[in-house]
Amino acid sequence: MEIGFGIIGCGAIAPVHAQSITEIPGARLVAVSDVVERNARMLTERYPAEVYTDYRRLLERDDIHAVSLCVPSGMRAEIAEVCAAAGKHILAEKPLEVSSERIDRILKAVEKAGTTLGCIFQYRFSEGAQQVRKAIDNGRFGRLVLGDAYIKWYRSQEYYQSGAWRGTRKLDGGGALMNQGVHQVDQLIWFMGKVRTVQARTALIGHEGIEVEDLACALLAFENGAMGVIEASTAIWPGHPGHIEIHGTDGSAVIEDGALRFWKFQHELSEDEQIRASFDKPSEFGTGAGDPLSNLRHEGHRRQIEDFALAIRDNRPPMIDGEEGRHAVELIEAIYRAARTGGTVVL
Ligand SMILES: NC(=O)c1ccc[n+]([C@@H]2O[C@H](COP(=O)([O-])OP(=O)(O)OC[C@H]3O[C@@H](n4cnc5c(N)ncnc54)[C@H](O)[C@@H]3O)[C@@H](O)[C@H]2O)c1
């Protein structure tokens, strides 16, 4: 069965979805929608598809089975409810929505409709992230001790001015953590498991006129007894790769933008030397460190959208479903709460 895709929201990330869909066997881009018709037309110049300015019209088509939701983050709940009621499968960009309350609206809508929900976190599909997850599953780290995520990125003042929704609480939901760092926060929880308590500080020090943080530091205690930190910023020039460290009693690994940069275990396997030989290779997914998209490659999206299409075909959950997409937002909300109150937040 061919999965017909629609894209709702034809801004910066939409071509990454369109390019991915066109490369996936058994998937086809059927139509796109944007309230700004010019944005939709620009997308279809390169990726031919029908254009709608009202996404409801796009949903009327029987040859559309799934939609990529690429509208601003805090606009997804209402649109997803309509998409689910129309019987469409939904692949939402990250973060799934800007609060767990709004995410729950989406979860409820897809549950009622019986459709599939996925949340884009493309870095989970990287070789590095997959290797780390496998090593954790196989107990190679021993007892997990520390899990850290560092997102020391740069976004210019012009970036925040490039869209009315950027840097707003209502539609961006947050700053360096909720928009940019959410990728690494997601991977950290995927590796380390649930967080029990959070202490944090946030600040706005490198930009003007935005409602969200461009600097955040959090101290985490995981349920498994391990600890960790998250440091996120969009005020650091020139921006450094998204960096995650996983340390255990029997081994340590470091990944940057999905590529392994350190890999050592007390009990080595024959494949480990070969893995270390790949350290010099650049990230296959690119990086959003200094600029949102100019260095981002579509390979991560291609892998994730392919998994999503196969999940629909095989009637199974996608690798990152709605519940999985919720975890990172829930933790970021807890970090914001801890920063506001100055206390310890228990999840
Ligand atoms: N996975 C990644 O690495 C990645 C990278 C960039 C952006 N994103 C996410 O993608 C989403 C969009 O970001 P962007 O940078 O493309 O934003 P953008 O502002 O460039 O594009 C958003 C588009 O949505 C359109 N839109 C708004 N309301 C609409 C509606 N009701 N119907 C149809 N279209 C509507 C706007 O006109 C605009 O063209 C955000 O949630 C962001 O977090 C993810």
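Observations on the model:
- Residue within the stretch 59-73 that is in contact with a Pro (Cβ under 7 Å, 6 or more places away or on another chain) and under 29 Å from Phe191 (Cβ atoms) present: yes
- Qualifying residue in the stretch 192-208 (condition: modelled with pLDDT of 95 or more and within 16 Å of the ligand (Cβ to nearest atom)): no
- Criterion: surrounded by fewer than 14 Cβ atoms within 10 Å (Cβ to Cβ), more than 17 Å from the chain's Cα centre (by Cα) and closer than 20 Å to Asn179 by Cβ - qualifying residue of Arg340, Arg316: Arg340
- In the stretch 1-52, the residues that are aromatic (Phe, Trp, Tyr) and in contact with a His (Cβ under 8 Å, 6 or more places away or on another chain): Phe5
- Residues in the stretch 118-132 that are of a type outside the set (S, T, N, Q) and either under 9 Å from the mean Cα position of the chain (by Cα) or within 15 Å of the ligand (Cβ to nearest atom) (or both): Gly118, Cys119, Ile120, Phe121, Tyr123, Arg124, Phe125, Ala129.
- Qualifying residue in the stretch 166-187 (condition: without any contact (Cβ under 8 Å) to a residue 40 or more places away in the chain, surrounded by fewer than 20 Cβ atoms within 10 Å (Cβ to Cβ) and not basic (Lys, Arg)): no
- Hits in the stretch 1-54 (condition: free of Cβ contacts under 8 Å to residues at least 40 places away in the same chain, of a type in the set (Gly, Ala, Ser) and farther than 26 Å from Asp314 by Cβ): Ser33, Ala40
The values are calculated or read from the model by the stated rules, or taken from the named source; none is laboratory data. The model shown is predicted, which means the values in this text are computed figures rather than measured ones. Please note: Cβ atoms are built from the backbone with ideal geometry, for glycine as well, and neighbour counts cover all protein chains shown.
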